[in-house]
Structure formats: structure tokens, C-alpha cells
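Contents: one structure, followed by commentary.
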Amino acid sequence: MKPSRILIVGGSGFLGRHLTARLAAQNRRIIVPSRRPERARHLLMLPTARLVDMSSPEAPSIEALVADSDAVVNLAGILHGSHGEPYGRDFAQTHVELPRRLAQACARSGVRRLIHVSALGVSDDPAQPGPSMYLRSKADGERAIREVQGVDWTILRPSVVFGPEDRFLNTFASLQRVLPVLPLGRAQARFQPVYVGDVAQAIVNALDRPATIGRSFEMAGPEVFTLAELARLAGRWSGHPRPVWALPYTLGQIQAGVLGAMPNPVMSMDNFDSMGIDNVASGPIAPELGITPTPLASVAPNYLPRKVRYNEERAMARR
């Protein structure tokens, strides 16, 4: 039987917007907890969605929300956090403790189905845990789920995700709108970007396909790019192409350290460390997910110019 009541943790974010829209179109009930419900007002437009304000003293526990569901999807993740060994407290809470808590709540409540979104590049070998806190904590989060008995889990490992609201290509486009030259650390790092709509649809498909239970799946697009190539494409497609200056290793480290100290960093030392290994899949998307990956060039040129123009209009309005 297809799950009809689905708890989506992290459902108010970029990927969550696309996933909730697809599930609502299937008339499934959606529960989305959020500590910042003002950022999730768009969910109120979906007739089957319930937005739960977790900042309220009367908010139910996450265990109670799990018990009121037929399936759980965990999209929660962070790119930046406090430092520690093997990772800081922020990464531990979001990437390890939360997945474990959700899996344990599923087991206690008899909720069998759990979809967990991890990351491409996560190591299955505890002896080689990964070069960054992000990847090490993601790996431990996966292990925490696998250790819980009585849960039908599926783990998805997407590469960097692109789409109209992404903070990847849009960041490169915005920077080239204001900078004459784009200095770039780890310029030769390799990525295989995957479309947000494909990841969302893979989650929907996995919810209903027993063949995906107990398995981990890589998710990547049909093409591999270097970081420099992606930056150049973002500049060209947004209408603000700039020269990309590939920084030497040490200067790239310095750049990452400086950017990571800013209030809303676009890069950190941990991101720099993550890019020490290629973010490329070992093969095509598994047929069990039912996805034909969308090429970057068929989507990104359509939304990057609009996003940049919107930002420019906002800037003009403030003057």
C-alpha cells in the first residue's frame, strides 16, 4: 500500500519545495515541521500540507509526528557548522543524531518506511571516513539508520543539486554580476550536478517501490564538470560572463577560510576539504528509481537570467 501520510523533515527548503508539490499533486497528506515557519508559507498553498511550527511551546515532539505518519522523509542537512573531531556539534546534531532519532521513532511507532537523503561522496568504509566534517557526519548518519532494526530504509546520495532556487549556480551567477574576475579555489574539482526535480521524483518513486528498500543509491546528472566550468557556464547563462581565476591550493585555502568567517558563508574550509575528492557517481542512476537524469543545459539557462534580473530589480528598488 502506498503511504498516504508523509512526514517530511527539512521539507521547507529547496528540495522540499519540489517534493511537497509532487506529493500534494498525488493528493497525499504532508506534514512539514519547521522552526522557522515564516520561511515555509508557500506550503500553505498546498491543500494537503500541514505546516507545524516547532518553535511553539505547544509543538508536538518529532516522535509524535512520526507516529502520525505512514512514512518519513529526511531532507535535513547543513553545509556549515562548528568545528570538531571527527565533526562539530552542528553536524552531529543534524546529520547523525536526527537521522538516528527518526529511525528509532519509526521503529517504536511501527512506521516502516524511511527515505533518507545523504550525499554523494560518502564513504562506506569506517577506516576511510572522508576528508571533511560534512562527509564524515553524513556517513555516520547513514550508519545510524542502518543500525536500527524494523525500518524499511532507502538512502539517496545526490551530487550537488541544481534548480531555480539553488544556492550553487545562482551564487556563481550573482558573484559575476558584481565582480570583474572570479577567483576560485578547487577550480578543478569535479561535479556531476543533478536536477532538483529528478531527486524529488526519485523520492516519490522510492516511497512506492519495495525494490529500493534496504539500499543506497547514487544520484547524479548525465554530465561531469569541473567547478571552473560550472562557474563559467553560470556567468554566461546569466548574462554576466567573467574570467575565472583558478587559485593555487594555498590561496584557495585562504579564500575558504576568509569566506567561512563571514555571517552567511558561500564557502568554508570544510567545503574546501569536501572538494578534495571528486563528486562523481560510480555509474548511471539505478533503474529502480525510475529517473532519466536531466541535462544541466536544458534547465539552468532558463532560470539563471531571471534570478539575476530579479536581484538587480530588488537592488534598484532599495536605492
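The values are calculated or read from the model by the stated rules, or taken from the named source; none is laboratory data. Only a predicted model underlies this, so the values are computations on that prediction, with no experimental measurement involved. So basically every Cβ, Gly included, is an ideal-geometry build from the backbone, and we count neighbours across all protein chains shown.
When you look at ALA234, is it free of Cβ contacts under 8 Å to residues at least 60 places away in the same chain and crowded, with 16+ Cβ neighbours inside 10 Å, yes or no? No, not satisfied.
Condition first: of a type outside the set (A, V, I, L, M, F, W, C), at pLDDT below 95, surrounded by 15 or more Cβ atoms within 10 Å (Cβ to Cβ) and assigned to a loop (DSSP other than H, G, I, E, B). Can you find one or more residues in the range 292-314 that meet it? The answer is no, given that none of the residues of the range 292-314 is of a type outside the set (A, V, I, L, M, F, W, C), at pLDDT below 95, surrounded by 15 or more Cβ atoms within 10 Å (Cβ to Cβ) and assigned to a loop (DSSP other than H, G, I, E, B). Name the residue that is surrounded by the most Cβ atoms within 10 Å (Cβ to Cβ), counting only residues in the range 47-74 that are β-branched (Val, Ile, Thr) and assigned to a strand (DSSP E or B). The residue in question is VAL73. None of PRO193, PRO222, PRO210 is surrounded by fewer than 17 Cβ atoms within 10 Å (Cβ to Cβ) and touching a residue at least 60 places away in the same chain (Cβ under 8 Å) except PRO222. For the range 77-103, taking the residues that are of a type in the set (S, T, N, Q) and either buried (at least 16 other Cβ atoms within 10 Å of the Cβ) or out of contact with any helix residue (DSSP H, G or I) (no Cβ under 8 Å at 6 or more places or on another chain) (or both), the one that is nearest to SER34 (Cα to Cα) is identified as THR94. Exactly one residue out of PRO131, PRO164, PRO183 is part of a strand (DSSP E or B) and not β-branched (Val, Ile, Thr): that is PRO183. For ALA261, the conditions (1) within 20 Å of the chain's Cα centre (by Cα); (2) modelled with pLDDT under 95 all hold with the exception of (1). Reported count of residues in the range 75-106, each being assigned to a helix (DSSP H, G or I) and of a type outside the set (Ser, Thr, Tyr), is 17.
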